[in-house]
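A.B. asks: Sharing a structure here in structure tokens format.
The values are calculated or read from the model by the stated rules, or taken from the named source; none is laboratory data. All values reported here derive from a predicted model rather than from experimental measurement. Positions of Cβ are backbone-derived with ideal geometry, glycine not excepted, and every protein chain shown enters the neighbour counts. Accessible surface areas use protein heavy atoms only, side chains included; no ligands, DNA or RNA. Shrake-Rupley method; radii C 1.70, N 1.55, O 1.52, S 1.80 Å.
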Amino acid sequence: MNENLFASFATPTMMGLPIVILIIMFPSILFPSPNRLINNRLISIQQWLVQLTSKQMMAIHNNKGQTWTLMLMSLILFIGSTNLLGLLPHSFTPTTQLSMNLGMAIPLWAGTVFMGFRHKTKAALAHFLPQGTPIFLIPMLVIIETISLFIQPVALAVRLTANITAGHLLIHLIGGATLALMSISPSTALITFIILILLTILEFAVAMIQAYVFTLLVSLYLHDNT
């Protein structure tokens, strides 16, 4: 097999033009706005899941933090639907691109930090220097806390990218091994095919969990700054 393992992560093009913008906009079609007095079952389930997630995620926030509810719910729906669509054959997953995940993580993280410095200036500055710190450790702790603060958006983006990319690579490798073993050892190919099915089910769970973890961490950053 001479196929490049990372070929599926390359940005797709059509007539030499990248179509990643169209792919990013596609998941929004899956969540239609209700325009009837009585909703159908699909929209009712969709609204119930959104309400359940928003209540669980925003319960810890005050009134100022709850103004972010719409943004956080849109974020988890976008990441979750994008991850799930990326599991389809011959599809492209935008969340495997570190640049895109940084593009989501940095503005959201920066918004929570700026809100903290604006509304809770003393508490935000207090995070850089824990109470009771010895005088000779103050410069070192300030540097460490500053670095840890700026690492937060990078950790958000890298976590999402690594988990989604690793799962797709495993599916690709096991799928290729199954095809190669079909003509050599059908019994072994059957075992690898069962493993492939189980891994695909696991990836469905990982796709939803990573969307929830990404949004939950942004929510926790928001809670610490409001």
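A.B. asks: Of all residues in region 116-145, count the ones that are in contact (Cβ under 8 Å) with a residue 40 or more places away in the chain and over 29 Å from residue 219 (Cα atoms).
C.D. replies: Result for region 116-145: 0.
A.B. asks: Got a sec? Which of 202, 222, 216 is in contact with a helix residue (DSSP H, G or I) (Cβ under 8 Å, 6 or more places away or on another chain), open to solvent by 70 Å² or more (accessible area, probe 1.4 Å) and at pLDDT 85 or above? Please lay out each step first, then the result.
C.D. replies: Values: 222 fails: open to solvent by 70 Å² or more (accessible area, probe 1.4 Å); 216 fails: open to solvent by 70 Å² or more (accessible area, probe 1.4 Å).
Among 202, 222, 216, only 202 is in contact with a helix residue (DSSP H, G or I) (Cβ under 8 Å, 6 or more places away or on another chain), open to solvent by 70 Å² or more (accessible area, probe 1.4 Å) and at pLDDT 85 or above.
A.B. asks: Can I ask one more? Condition first: in contact with a Pro (Cβ under 6 Å, 6 or more places away or on another chain) and of a type in the set (Gly, Ala, Ser). Can you find one or more residues in region 49-61 that meet it? Walk me through it before giving the result.
C.D. replies: Filtering region 49-61 down to residues in contact with a Pro (Cβ under 6 Å, 6 or more places away or on another chain) leaves none.
No: region 49-61 contains no residue that is in contact with a Pro (Cβ under 6 Å, 6 or more places away or on another chain) and of a type in the set (Gly, Ala, Ser).
A.B. asks: When residue 181 is evaluated against the numbered criteria (1) buried (at least 17 other Cβ atoms within 10 Å of the Cβ); (2) within 12 Å of the chain's Cα centre (by Cα); (3) without any contact (Cβ under 8 Å) to a residue 12 or more places away in the chain, which criterion, by number, is the only one it fails?
C.D. replies: (2)
A.B. asks: Can you tell me which residues in region 161-199 are more than 21 Å from residue 76 (Cα to Cα) and of a type in the set (Ser, Thr, Tyr)?
C.D. replies: Answer for region 161-199, where residues must be more than 21 Å from residue 76 (Cα to Cα) and of a type in the set (Ser, Thr, Tyr): 178, 183, 185, 187, 188, 192.
A.B. asks: Restrict the check to region 48-66 and report whether at least one residue is open to solvent by 80 Å² or more (accessible area, probe 1.4 Å), out of contact with any Phe, Trp or Tyr (no Cβ under 8 Å at 6 or more places or on another chain), at pLDDT below 80 and in a helix (DSSP H, G or I).
C.D. replies: No: region 48-66 contains no residue that is open to solvent by 80 Å² or more (accessible area, probe 1.4 Å), out of contact with any Phe, Trp or Tyr (no Cβ under 8 Å at 6 or more places or on another chain), at pLDDT below 80 and in a helix (DSSP H, G or I).
A.B. asks: Do the conditions hold for residue 204, that is, is it part of a helix (DSSP H, G or I), touching a residue at least 24 places away in the same chain (Cβ under 8 Å) and among the aromatic types (Phe, Trp, Tyr)?
C.D. replies: Considered against the rule, which asks whether it is part of a helix (DSSP H, G or I), touching a residue at least 24 places away in the same chain (Cβ under 8 Å) and among the aromatic types (Phe, Trp, Tyr), residue 204 comes out as yes.
A.B. asks: Here's something else I'd like to know. Looking at region 135-157, can you tell me whether even one residue there is at pLDDT below 85, open to solvent by less than 40 Å² (accessible area, probe 1.4 Å) and out of contact with any His (no Cβ under 9 Å at 6 or more places or on another chain)?
C.D. replies: No, the conditions are met nowhere in region 135-157.
A.B. asks: Among the residues of region 165-175, is any polar (S, T, N, Q) and open to solvent by 40 Å² or more (accessible area, probe 1.4 Å)? If you could, list the steps in order and put the result at the bottom.
C.D. replies: Kept after step one, since they are polar (S, T, N, Q), are these residues of region 165-175: 165.
The next check asks that each one be open to solvent by 40 Å² or more (accessible area, probe 1.4 Å); those that pass are none.
Looking through region 165-175, none of the residues is polar (S, T, N, Q) and open to solvent by 40 Å² or more (accessible area, probe 1.4 Å).
A.B. asks: While we're here: For residues in region 88-105 being surrounded by fewer than 19 Cβ atoms within 10 Å (Cβ to Cβ) and either among the small types (Gly, Ala, Ser) or touching an Asp or Glu at 6+ places or on another chain (Cβ under 6 Å) (or both), which is farthest from residue 222 (Cα to Cα)?
C.D. replies: Going through the qualifying residues, I end up with 91.
A.B. asks: Let me ask another. Filter region 67-84 down to the residues that are open to solvent by 40 Å² or more (accessible area, probe 1.4 Å) and over 15 Å from residue 209 (Cα atoms), then identify the one that is nearest to the chain's Cα centre (by Cα).
C.D. replies: Filtering first and then ranking leaves 74.
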